[in-house]
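S.K.: Below is one structure. I have some questions about it.
The values are calculated or read from the model by the stated rules, or taken from the named source; none is laboratory data. Just so we're clear, the structure is a prediction, and the values are computed from it rather than from any experiment. A quick note on method: Cβ atoms are made from the backbone with ideal geometry, for glycine too, and the neighbour counts reach across all protein chains shown.
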Amino acid sequence: MWIFSSLFLYSLLAMSVTPAKYELLLSTGERNTIYFTVKNDKLEMMKVRVNSKYWFVLPENKGIEIDSWLSFSPKEFYLKKGEGKRVICEVIVPKNASGFLNGMLSFNQIDSPTSVNITISVPVYIIIKDNYSFDFEVRGLKRENEYLLVEIFNKGNVYFRPRGRIKMNRERNFLIFKKKSFLFEKRFKEERHIFPGSSGYVKLGNLGLKDGKYEVILELEFWGDKKIRKKIVVLK
């Protein structure tokens, strides 16, 4: 959840929105109804205005207006202290949409008696079941402070948060033979998105690796049932 503005702690606590996000797997032409609850946690009276905008847009979806697939009601309302209001959102996946759609609903507190307003923005992700492409490339190792990072490039048309399993081996060449030594294997889960056409990282911590040749085997999971395994040999 993103909370913008306000230097004062009390204003940050004045309004809350739940849930913090929606992620839906839908087919083109499919409809779904979702709900957000807005609550006035502190002020005697609060006026709230709701609006929508895109966050990330795939090039192939640039002609699709956000109002054509994400509508909501009410768009403006008052809340007494302690009162909550449910905002109803209707999602209709356009038949010409590809990959995923990513909108943002912003709940804006306006006309605050303290002259300090806040905005809480929550994302709505629609993964399009018909035509999404989940694919990635392991690009190598990188060091950042005490962390060793594995760089992942998103080759598909849908966002993902890296989660799955990683395995590393060390490869050494001797005069007449090669030897591969197992280093570790573990599960991981990163919270940051990797959007199509961009890179992200899996943090491995400080492993104290010596210079040499390493094999990285990465298996990523997507929506629980889809797994892709890739490997790369890198020099450190």
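S.K.: Being loosely packed, with under 10 Cβ neighbours inside 10 Å and in a strand (DSSP E or B) is the filter here; which residues of region 158-178 pass it? Walk me through how you get there before you give the answer.
M.R.: As a first pass, look at region 158-178 and keep what is loosely packed, with under 10 Cβ neighbours inside 10 Å: 174-178.
Listed by number, the list holds a single entry, Lys178.
S.K.: Only one of these is at pLDDT 85 or above and under 30 Å from Gly99 (Cα atoms): Phe182, Phe195. Name it.
M.R.: Residue meeting the stated conditions: Phe195.
S.K.: Go through region 198-236 and give me each residue that's of a type in the set (Gly, Ala, Ser) and either in contact with a helix residue (DSSP H, G or I) (Cβ under 8 Å, 6 or more places away or on another chain) or part of a strand (DSSP E or B) (or both). Step through it out loud before you land on a result.
M.R.: Initial filter on region 198-236 (of a type in the set (Gly, Ala, Ser)): 198-200, 205, 208, 212, 224.
Listed by number, the residues that qualify are Ser199, Gly200.
S.K.: Same structure, new question: Of the residues Lys39, Lys62, Lys53, which single one is under 18 Å from the mean Cα position of the chain (by Cα) and either within 16 Å of Lys81 (Cβ to Cβ) or not small (Gly, Ala, Ser) (or both)? Can you show your working first?
M.R.: Numbers: Lys39 fails: under 18 Å from the mean Cα position of the chain (by Cα); Lys62 fails: under 18 Å from the mean Cα position of the chain (by Cα).
Within the list Lys39, Lys62, Lys53, the selection yields Lys53.
S.K.: Looking at region 74-94, is at least one residue of a type outside the set (A, V, I, L, M, F, W, C) and surrounded by 18 or more Cβ atoms within 10 Å (Cβ to Cβ)?
M.R.: No, region 74-94 contains no residue that is of a type outside the set (A, V, I, L, M, F, W, C) and surrounded by 18 or more Cβ atoms within 10 Å (Cβ to Cβ).
S.K.: Can you tell me which residue within region 191-236, out of those that are more than 18 Å from the chain's Cα centre (by Cα) and free of Cβ contacts under 8 Å to residues at least 40 places away in the same chain, is nearest to Ile127 (Cα to Cα)?
M.R.: Across region 191-236, the extreme among qualifying residues is Asp225.
S.K.: Okay, moving on. Against the definition (assigned to a strand (DSSP E or B) and under 25 Å from Asp225 (Cα atoms)), how does Leu105 come out, yes or no?
M.R.: No: the conditions fail for Leu105.
S.K.: Something else about it: Step by step: first the residues of region 127-138, then only those that are surrounded by 15 or more Cβ atoms within 10 Å (Cβ to Cβ) and either part of a strand (DSSP E or B) or touching a residue at least 60 places away in the same chain (Cβ under 8 Å) (or both), then the one that is farthest from the chain's Cα centre (by Cα). Which residue is that? Talk me through it step by step, then tell me what you get.
M.R.: Taking region 127-138 as the starting set, the residues that turn out to be surrounded by 15 or more Cβ atoms within 10 Å (Cβ to Cβ) are 127-128, 132, 134-136, 138.
Among the residues that remain, those that are also either part of a strand (DSSP E or B) or touching a residue at least 60 places away in the same chain (Cβ under 8 Å) (or both) are: 127-128, 134-136, 138.
Numbers: Ile127: 12, Ile128: 15, Phe134: 14, Asp135: 16, Phe136: 16, Val138: 19 Å.
Result: Val138.
S.K.: Any chance region 103-114 includes a residue that's over 25 Å from Glu65 (Cβ atoms), crowded, with 20+ Cβ neighbours inside 10 Å and not assigned by TED's automatic domain parsing to the domain that holds Phe195?
M.R.: So far as region 103-114 goes, yes, one or more of its residues are over 25 Å from Glu65 (Cβ atoms), crowded, with 20+ Cβ neighbours inside 10 Å and not assigned by TED's automatic domain parsing to the domain that holds Phe195.
S.K.: Return the pair list, or none, for Cβ contacts closer than 6 Å from residues in region 16-43 that are loosely packed, with under 12 Cβ neighbours inside 10 Å to residues that are assigned to a strand (DSSP E or B) and of a type in the set (D, E, K, R), at least 6 apart or on different chains.
M.R.: As it stands, the answer is Thr33/Glu90, since those pairs meet every condition given.
S.K.: Further question on the same structure: Among the numbered criteria (1) under 18 Å from Leu204 (Cβ atoms); (2) at pLDDT 95 or above; (3) not small (Gly, Ala, Ser), which single criterion is violated by Glu146?
M.R.: (2)
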